[in-house]
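Read through the structure below, which is laid out as structure tokens, and then see the notes.
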Amino acid sequence: MPQTVLTLSLFRQLIALAGSIAILIVPGSGQAQQVSTPVTIDSGISNTDHSGVISTLNAMGPTSTATNAFFQSLGTNGRTCFTCHQPQNGWTITPNDLTRRFNASLGQDPVFRPVDGATCPDADVSTQTARLAAYSLLLDKALIRVEETLPDTGLEFKFTKVTDQYNCTTNTKFGLTSPTSGDVSVYRRILPSTNLRFVSALMWDGRYPTLARQASDATLDHAQASGIPSDGLIQSIVNFESALTTAQQADNLAGTLNILGAQGGPGFLSQVAFQPGINDASGRDPTGRAFNRNVFSIYAAWDRAPLTNDPAELQRNAIGRGERLFNTRQFTINNVAGLTDNARGNQIQGTCSTCHDTPNVGNRSLPDFLDIGVAGPNPPGLDVSYLPVFQLTCTSGIQSGQQVSTTDPGRALVTGACADISRFKVPVLRGLAARAPYFHNGAADNLGQVVGFYDRRFRIGLNPQERADLQAFLQAL
Ligand code: HEC
Ligand code: HEC
């Protein structure tokens with residue numbers, strides 16, 4: 001893990017920028033102290049991450065963790081929401097922190113619970129060695145097992161073959177009871193419990209209508225509560241998580257991200273306007289505006305030829321160029337279910353911002369679910385050999401007779417529709433540097449692999465400089 005050093009000047013800049021807000025800097029974050037819960041979550045929290053400093057603003061003001069239900073154990077296994085959603089990891093958790101927690105607790109920290117931390121609830125966790133195997137996906141990729149019951153009506157496909165090295169979907173107790181009934185286990189990245197104001201679809205597959213319902217089910221499933229928590233407790237969780245805004249605040253090379261005309265960091269983000277459908281490429285913007293492909297505009301001021309050889313300035317220019325590439329580099333987007341189905345030749349011309357359309361946030365502003373190929377058994381340049389493979393055969397609807405292989409049926413587990421197989425939401429692109437690995441299945445270990453995937457999948461033809469620029473931009477979000 002790269003060690004980040006907070007220079008004194010960077011520290012001073014941060015303090016200056018913090019102004020009246022109390023910002024707590026935790027250098028080398030994620031050491032043993034992360035196993036315990038802080039006494040208060042301040043109005044501002046900053047931690048070092050992979051490429052600089054990640055910051056969260058908490059609009060509730062200093063919040064006592066003793067009294068907010070987000071930090072309370074509401075179930076039977078010792079877990080709280082904070083067990084899996086922590087600020088130094090962009091309000092998710094990452095393999096590095098998990099390894100530290102495993103070592104510090106000999107694999108007993110509440111995150112290591114068989115229910116969904118293990119590859120299957122009946123995995124052997126009796127010894128340290130057994131626990132290393134049982135929690136391998138959590139430790140290596142920070143993946144949580146998500147068990148979904150197939151819908152009893154409207155299912156348009158059957159499972160014709162399941163290759164499951166963890167024997168969970170193939171297990172009669174936790175898995176399928178027939179090719180068309182029972183439960184399916186998929187392994188997914190924890191989504192950030194921050195920037196929720198912009199989120200148009202909850203969970204990777206959009207299965208929850210509201211944050212309240214999400215919090216209630218999280219308590220029953222992850223924390224194994226015996227009953228639904230009270231409305232008051234749910235409200236206090238939703239109030240807290242809804243008050244958070246998170247973004248990268250400083251870059252190790254470029255310095256503070258909101259100087260010299262730039263608007264990085266959570267301060268600007270907390271003021272960004274949003275409504276579902278804002279800036280929609282297919283003409284569904286409720287304000288009637290035409291789609292503006294310049295989705296990100298926070299680093300436009302840095303997109304100019306360098307005037308000196310100062311490494312900080314060179315990095316700022318790279319970030320500015322990366323933003324322009326994200327907005328304007330055109331390529332052919334082909335065979336993306338949910339986006340190109342009705343286009344001639346099943347393809348359109350677009351940019352990164354065609355799908356990531358919410359201004360200065362980067363998720364999709366409408367609850368659309370897309371299949372970009374990450375769930376396939378062989379996504380270009382990504383290794384997903386650690387995942388089970390499901391072979392599905394469509395039994396009704398227009399795709400009847402068609403066979404599809406996938407490592408996660410995605411949205412189709414909610415709707416039962418063949419057309420929804422392997423489709424996922426387009427996530428928020430803020431706070432990325434703090435929360436590798438990426439994609440719903442953690443298949444990209446770093447942002448370089450994300451960019452490499454897109455370059456191959458859509459034959460963009462990025463040169464090494466362009467790849468580096470895009471990466472510099474993404475890690476400054
Ligand atoms: C064991 C780890 C774990 C615990 C504990 C946990 N979560 Fe999560 N959380 C996840 C995972 C995994 C996902 C994504 C699952 C998916 O999309 O299928 C998620 C998704 C979410 C999302 C969706 C964000 C989005 O963009 O759609 C919210 C909000 C959230 N969790 C809040 C909570 C709250 C509130 C609690 C406590 C009641 C909680 N979580 C407890 C693992 C956890
Ligand atoms: C065709 C639509 C589409 C295009 C074009 C697109 N994306 Fe994505 N992006 C998605 C979807 C859908 C996901 C989630 C996929 C998944 O995890 O299954 C995603 C995920 C990501 C993630 C991972 C976020 C996370 O939290 O794990 C990053 C980073 C990203 N995209 C960057 C880019 C960049 C950079 C480009 C341009 C080179 C781009 N995207 C082009 C649809 C798109």
Problem - Residue selected from region 86-108 under the condition outside any helix (DSSP H, G or I) and modelled with pLDDT of 95 or more, by the criterion surrounded by the fewest Cβ atoms within 10 Å (Cβ to Cβ) - result: Thr92
Exercise for the section: Mind counting the residues in region 222-243 that are farther than 28 Å from Ala412 by Cβ, outside any helix (DSSP H, G or I) and more than 10 Å from ligand 1 (Cβ to nearest atom)? Expected result: 4
Handout entry: Qualifying helices (runs of 4 or more DSSP H) (wholly inside region 109-221; at least 2 residues being in contact (Cβ under 8 Å) with a residue 12 or more places away in the chain, surrounded by fewer than 21 Cβ atoms within 10 Å (Cβ to Cβ) and within 16 Å of ligand 1 (Cβ to nearest atom))
Key = 136-141, 211-221
Practice task
Could you figure out which of (1) assigned to a loop (DSSP other than H, G, I, E, B); (2) of a type in the set (A, V, I, L, M); (3) over 13 Å from the mean Cα position of the chain (by Cα); (4) within 16 Å of ligand 1 (Cβ to nearest atom) isn't true of Leu429?
Solution key: (3)
Exercise for the section: Check region 322-335 and report whether any residue there is outside any loop (DSSP other than H, G, I, E, B), at pLDDT 95 or above, of a type in the set (Lys, Arg) and out of contact with any Gly (no Cβ under 8 Å at 6 or more places or on another chain). Expected result: yes
Practice task
May I ask you to list the residues in region 358-367 that are within 16 Å of ligand 1 (Cβ to nearest atom) and not hydrophobic (A, V, I, L, M, F, W, C)?
Solution key: Thr358, Gly362, Asn363, Arg364, Ser365, Pro367
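Yes or no, residue by residue, for (1) buried (at least 19 other Cβ atoms within 10 Å of the Cβ); (2) among the acidic types (Asp, Glu):
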site: Ser353; (1), (2): yes, no
site: Asp357; (1), (2): yes, yes
site: Ala375; (1), (2): yes, no
site: Ile398; (1), (2): no, no
site: Ser405; (1), (2): no, no
Exercise for the section: Working only within region 297-323, note down all residues that are surrounded by fewer than 19 Cβ atoms within 10 Å (Cβ to Cβ) and under 24 Å from the mean Cα position of the chain (by Cα). Expected result: Ser297
Practice task
Determine if region 368-390 includes at least one residue that is among the hydrophobic types (A, V, I, L, M, F, W, C), more than 16 Å from ligand 1 (Cβ to nearest atom) and part of a helix (DSSP H, G or I).
Solution key: no
Exercise for the section: Please work out if Gly19 is within 30 Å of Leu220 (Cβ to Cβ) and modelled with pLDDT under 50. Expected result: no
Problem - From Gly265, Gly232, Gly277, residue being at pLDDT below 95 and either away from ligand 2 (no atom under 16 Å from the Cβ) or touching a strand residue (DSSP E or B) at 6+ places or on another chain (Cβ under 7 Å) (or both) - result: Gly277
Handout entry: Matching entry among Ala419, Ala443, Ala375 (being aliphatic (A, V, I, L, M), within 26 Å of Ala118 (Cβ to Cβ) and in contact with a strand residue (DSSP E or B) (Cβ under 8 Å, 6 or more places away or on another chain))
Key = Ala375
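Here is a yes/no grid of residues against (1) assigned to a strand (DSSP E or B); (2) buried (at least 24 other Cβ atoms within 10 Å of the Cβ); (3) touching a Cys at 6+ places or on another chain (Cβ under 6 Å):
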{"site": "Asn47", "(1), (2), (3)": "yes, yes, no"}
{"site": "Val53", "(1), (2), (3)": "yes, yes, no"}
{"site": "Thr56", "(1), (2), (3)": "yes, yes, no"}
{"site": "Met60", "(1), (2), (3)": "no, no, no"}
{"site": "Phe70", "(1), (2), (3)": "no, no, yes"}
{"site": "Ser73", "(1), (2), (3)": "no, no, no"}
{"site": "Thr76", "(1), (2), (3)": "no, no, no"}
{"site": "Arg79", "(1), (2), (3)": "no, yes, no"}
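Per-residue answers, yes or no, for (1) among the hydroxyl-bearing types (Ser, Thr, Tyr); (2) more than 29 Å from Leu257 (Cβ to Cβ):
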residue: Thr37; (1), (2): yes, no
residue: Gly61; (1), (2): no, no
residue: Thr76; (1), (2): yes, yes
residue: Thr80; (1), (2): yes, yes
residue: Gln88; (1), (2): no, no
residue: Thr92; (1), (2): yes, no
residue: Gln108; (1), (2): no, yes
residue: Arg113; (1), (2): no, yes
Practice task
Considering every residue within region 54-71, establish whether at least one is in contact with a strand residue (DSSP E or B) (Cβ under 7 Å, 6 or more places away or on another chain), closer than 21 Å to Leu191 by Cα, within 16 Å of ligand 2 (Cβ to nearest atom) and β-branched (Val, Ile, Thr).
Solution key: yes
Exercise for the section: Please determine, by comparing only the residues of region 305-328 that are among the basic types (Lys, Arg) and in contact (Cβ under 8 Å) with a residue 60 or more places away in the chain, which one is farthest from Gly461 (Cα to Cα). Expected result: Arg316
Handout entry: Checking Arg467 against (1) surrounded by 21 or more Cβ atoms within 10 Å (Cβ to Cβ); (2) in contact with a helix residue (DSSP H, G or I) (Cβ under 6 Å, 6 or more places away or on another chain), the condition it does not meet
Key = (1)
Practice task
Looking only at region 410-434, count how many residues are out of contact with any Leu (no Cβ under 6 Å at 6 or more places or on another chain) and closer than 30 Å to Gly52 by Cβ.
Solution key: 8
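The values are calculated or read from the model by the stated rules, or taken from the named source; none is laboratory data. None of these values were measured; they are calculated from a predicted model. With ideal geometry, Cβ positions are generated from the backbone for all residues, glycine too; neighbour counts draw on all protein chains shown.
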